[in-house]
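Participant: Handing you a structure now.
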Amino acid sequence: MNPVSYVRAADAGAAVAMGAAAGTRYLGGGTNLVDLMRENVEAPSSLVDVCGLSAAIEDTPEGGLLIGGAARNSALAGHPAVRARFPLLSRAILAGASGQIRNMATVGGNILQRTRCTYFYDDAARCNKRAPGAGCDAIDGFNRIHAILGASSACVATHPSDMCVALAALDAEVMLSGPEGERRLPFEAVHRLPDGQPDRDTTLLPGELITAVRLPPLAAARRSAYRKVRDRASYAFALVSLAAAVELDAAGRLAEVRLALGGVAHKPWRARAAEAVLRGQVPDEIRLKEAAAAELAQASPLRDNGFKLVMVERLIVAVLSDLVAGNAGAAA
């Protein structure tokens, strides 16, 4: 048994002061970190509980939302402003886990959760994410759930969060507090691809704490959806998922389109190549397939997960067709 000290932070300043110490981790709902500690993947010497920090969900002056880092996932999914103005975010969270987990998990913790790769959790397997330089057993192993985009020879793990896929599509901004002060990061810049350092999941600096997430006002978000393909109907991670938001002009062209994919990469994958093909176009089936092909041009499927290429194309066609037709609820 590893001894661990525990302290509850009264505010963000106190949390950062304590969290800067070596071997210290911030503790939100614990729905991921506690599992990692049980499996001896993580072994912090000290935990700083940040559940008492801001959990507010408030309108911003420009018409967006400011979400406290300690807000519970269930509170965010059920908030009237989220359901009305950012429905894809609510649907993504509800697709992500059981009610019990959503009641415990925090927004900040969800963003920072680590991969659910079985090799990462198995201390008998070679895993560069867990032990840099050890190798990656997933590359030549059972890799059905692994990445087809942005992977490297060091790691093919995928990011597990549903909520983060929606936040990537919404151009969210993450607000951080750390030993060097406060800063803001575009959501796309928070997570990183594995490259040669798969043990680094994010670009956060040592001791930095997520204090809030800001959603900008986005008219397209009202016409949005999240669809998740998984092995079973509940409580399973995505094989492939899609967050989509669209805005049509009077001629039925896509004046705005936002797309992000889950289950395909080491981070939530903003599908900017597909967006570029679709923006300003009438989204018929041919154009939608062209958009999917443009995004997948850089894909590198593994032995067991080539089916994800077909899933991505079908999701883009099905979800956007539903949204254009006004059937957003069908894509939940």
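Residue by residue, here is whether (1) of a type outside the set (Gly, Ala, Ser); (2) under 19 Å from the mean Cα position of the chain (by Cα); (3) open to solvent by 10 Å² or more (accessible area, probe 1.4 Å); (4) within 24 Å of Ala221 (Cα to Cα) holds:
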{"site": "Ala265", "(1), (2), (3), (4)": "no, yes, no, yes"}
{"site": "Trp269", "(1), (2), (3), (4)": "yes, yes, yes, yes"}
{"site": "Arg287", "(1), (2), (3), (4)": "yes, no, yes, yes"}
{"site": "Glu295", "(1), (2), (3), (4)": "yes, yes, no, yes"}
{"site": "Pro301", "(1), (2), (3), (4)": "yes, no, yes, no"}
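Participant: Another question, if that's okay. Across segment 246-263, which residue is least open to solvent (accessible area, probe 1.4 Å) among those that are over 23 Å from Ile148 (Cα atoms) and of a type in the set (Gly, Ala, Ser)?
Facilitator: Gly252
Yes/no matrix, rows are residues, columns are (1) surrounded by fewer than 19 Cβ atoms within 10 Å (Cβ to Cβ); (2) in contact (Cβ under 8 Å) with a residue 60 or more places away in the chain; (3) in contact with a Phe, Trp or Tyr (Cβ under 6 Å, 6 or more places away or on another chain):
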position	(1), (2), (3)
Gly29	no, yes, no
Leu53	no, yes, no
Ala77	no, no, no
Ala81	yes, no, no
Gly96	no, yes, no
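Participant: If you don't mind, there's one more thing I want to ask. Hey, any hits in segment 118-134 for a residue that's among the hydrophobic types (A, V, I, L, M, F, W, C), under 15 Å from Asp304 (Cα atoms) and modelled with pLDDT of 95 or more?
Facilitator: Checked segment 118-134: no residue is among the hydrophobic types (A, V, I, L, M, F, W, C), under 15 Å from Asp304 (Cα atoms) and modelled with pLDDT of 95 or more.
Participant: Now a separate question. Within segment 55-75, restricting attention to residues that are part of a strand (DSSP E or B) and open to solvent by 40 Å² or more (accessible area, probe 1.4 Å), which residue is nearest to Val213 (Cα to Cα)?
Facilitator: Only one residue tops the list, namely Leu66.
Participant: Check Val282 against each of (1) open to solvent by 50 Å² or more (accessible area, probe 1.4 Å); (2) under 20 Å from Ile145 (Cβ atoms); (3) among the β-branched types (Val, Ile, Thr) and name the one condition it does not meet.
Facilitator: For Val282, the exception is condition (2).
Participant: Evaluate segment 119-126: report whether one residue or more is among the aliphatic types (A, V, I, L, M) and surrounded by 20 or more Cβ atoms within 10 Å (Cβ to Cβ).
Facilitator: Looking through segment 119-126, none of the residues is among the aliphatic types (A, V, I, L, M) and surrounded by 20 or more Cβ atoms within 10 Å (Cβ to Cβ).
The values are calculated or read from the model by the stated rules, or taken from the named source; none is laboratory data. From a predicted model like this one, the values you see are computed outputs, not experimental measurements. In this analysis, Cβ positions are derived from the backbone assuming ideal geometry, glycine residues included, and neighbour counts consider all displayed protein chains. Keep in mind that these areas ignore ligands, DNA and RNA; they rest on the heavy atoms of the full protein, side chains included. Shrake-Rupley method; radii C 1.70, N 1.55, O 1.52, S 1.80 Å.
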